[in-house]
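Here, each number is a calculation from the coordinates, and none is a lab measurement. No experiment lies behind these values; they were computed from the predicted model shown. With ideal geometry, Cβ positions are generated from the backbone for all residues, glycine too; neighbour counts draw on all protein chains shown.
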Amino acid sequence: MNHDRVEIFREKLDNFTISDYHGLISPGLTCYLNSVLQVFFMTEDFRGSIKRCCSEDSATIDTVLRKLFDDLERSLAETQNIIQTLGITDVYEQHDAAEYFEKILCLTSPEAAKVFKGELSHKTKCAECKKENNFRSSFWILPLAMENSYRQTYSLKRGLEAFFNKEKVCGENKMFCNQCKKKQDADIDCEMTQNPEILTLLLKRFTFDYKWDCYIKLHCEVDVPQTLHIENCEYDLYALVHHFGNLSGGHYTAEIKSFETGEWYHFNDDTVDRVRQPLFTSGNISAKSRTAYLLMYRRVSTHPEKN
Ligand SMILES: [Zn+2]
C-alpha cells in the first residue's frame, strides 16, 4: 500500500469509535446525575464494594447501584431506578452534580462510601483567654472558594493551601468564647485528620456576587495539577466533572482515567469516547481548564510522618 492510502486507513481507524465503556441514557436533562454515576462506576474500590454487596437492604442505594453497574459493564444503561430512589420527579429540571454526588454517598452503605470519606479537625483559640476548642467533622467534598479569580488563573494548589491556612476572625466575625462569656477575636485552624482514599475537590464556580446582588458562574481558568500533596499523602488526579454553560442552562460531562486500561475517557450521557489528547501528556504536571467543576484525586502513597 502506498503512503497516502495507509494514512487514509489510519485516519478511518482513528475515527472508528469502539469504546471500552458504555454511556447512560438521559431520560431528560439528568447529565448532572450521569456524570457522577460514571465517576462512581470508574472508581475501583467503590465499584468493588458495590459489586460485593449482596443484601437486599432497601435502606441503602447499594442494590440499585449494583444493578446499574452490572448493566454498565454490558451495554448502554438506563437510570430510571436511581432517579426513582433519589426522588427526582422532574427529569427536565437541572441540578448540581456536587449535590447529587453527596446525596448518593449519604444513601450508600458506609463500607462502600468510606473510600470518599475524610475528616477535618477545626481548632479555635480565643485571642483573649487562649482557651482552645476542638471539633471534628467528616466530609465527602472539600469546597474551594474562587472569589478572587475573575480574571487571573486560579491555582488549585494555592486554593487548597488557603483552605488549611490559619485564619484570624475579628470584627463582625468574632466568635463566642465560653470562658470569657462573650464574643472575642479568635484564631481558627483547620487540619485534615483523616485523609480520604479519594479526595474530591469542588471549585465553587457558582457563587453569590455581592456587587451585582445575584448568583453567577465563574468561568475562570483553573490550573489543575496532576499530583497533590496533602499532609503526608500523595494524590493523583483520575476524574473531573466538567460544567459547560452558565447558571440557567448548562451541561455536565465527566472525564475519567480508567483503572482498567490506563486511558482517559470522556463520558457525555449516552456516548463515551476515548480522549485523544489527554490533559496530562507525558511531561505535563498540570493542565488548564475553564470547565472543571469537581476533581477526584486517588491516594497513591503515604509518606512517613515528617517531624
Ligand atoms: Zn476567651
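Fully extending the segment from residue 8 to residue 70, taken as 0.36 nm per residue of separation minus the present Cα-Cα distance, adds 18.5 nm.
Annotation: amide H of residue 177 within the under-5 Å range of 182, 183, 184, sequence separation 5 or more or interchain, hydrogens built in the peptide plane.
About the centre of its Cα atoms, the chain shows a dipole size close to 1100 debye [charges on the beta carbon of Lys, Arg (+1) and Asp, Glu (-1) only; nearest 20 debye]. Taking the longest Cα principal axis of the chain as reference, the axis of helix 62-74 is set at about 30 degrees. The radius of gyration of the Cα set in the chain, together with its Dmax, comes out at 22.0, 87 angstrom. Amide H contacts for residue 194 (H built 1.01 Å from N in the peptide plane; partners 5 or more residues away or on another chain; cut-off under 5 Å): 119.
Compared with the dominant Cα axis of the chain, that is its longest principal axis, helix 3-15 is turned about 50°. Under 5 Å from the amide H of residue 271 lie the amide H atoms of 24, each residue being 5 or more positions distant or on a separate chain, with H modelled from the backbone and absent for Pro and chain starts.
Between residue 163 and residue 20, how high is the FRET efficiency from 1/(1 + (r/R0)^6) when r is the Cβ-Cβ distance and R₀ = 25 Å? Nearest 0.05. Before the final figure, lay out the partial values.
Working: r = 36 Å, r/R0 = 1.42.
After rounding to 0.05, the efficiency reads 0.10.
DSSP beta bridges in the stretch 150-300, what fraction antiparallel, as a percent rounded to 5?
Values: 45 of 47 bridges.
Here the antiparallel bridges make up roughly 95 percent for the stretch 150-300.
One equal scatterer on each Cα of the stretch 104-180, no solvent, Debye formula: the resulting log10 I(q)/I(0) at q = 0.11, 0.20, 0.22 Å⁻¹ is -0.48, -1.02, -1.07.
In percent, how large is the relative contact order of the stretch 17-302, given Cα pairs closer than 8 Å and 6 or more residues apart?
Details: 547 pairs, mean separation 61.8, N = 286.
It rounds to 22 percent for the stretch 17-302.
Stretching residue 93 away from residue 236 to a fully extended chain increases their span by 48.1 nm, per 0.36 nm per residue minus the current alpha-carbon distance. Annotation: peptides 257-263, 47-53, ranked by per-residue average of other Cβ atoms within 10 Å with the highest first, follow the order 47-53, 257-263. One Cα centroid belongs to the stretch 59-73, the other to the stretch 77-91; the line between them spans 13 Å.
Counting only DSSP beta bridges with both residues in the chain, the antiparallel share comes to about 90 percent.
If you stretched the chain out fully between residue 290 and residue 223, how much longer would it get, using 0.36 nm times the residue separation minus the C-alpha to C-alpha distance?
Numbers: separation 67, 0.36 × 67 = 24.12 nm, distance 0.91 nm.
Extra length from residue 290 to residue 223 when fully extended: 23.2 nm.
By average Cβ neighbour count within 10 Å, what is the ranking of 79-86, 193-200, 289-296 from highest down? Could the numbers behind the result be given before it?
Numbers: 79-86: 16.9, 193-200: 19.1, 289-296: 21.8.
Ranked from most to least packed, the peptides come out as 289-296, 193-200, 79-86.
How would you order 95-107, 219-231 from highest to lowest mean count of nearby Cβ atoms within 10 Å?
Numbers: 95-107: 18.9, 219-231: 16.8.
My ranking of the peptides, most packed first, is 95-107, 219-231.
Pairs exceeding 30 Å between alpha-carbon atoms, taken from 211/257; 123/157; 166/217; 174/204; 117/157: 211/257. Shown here for the stretch 33-92: chymotrypsin sites (Phe, Trp or Tyr not before Pro) in loop regions (DSSP other than H, G, I, E, B) with at most 16 other Cβ atoms within 10 Å, namely 92.
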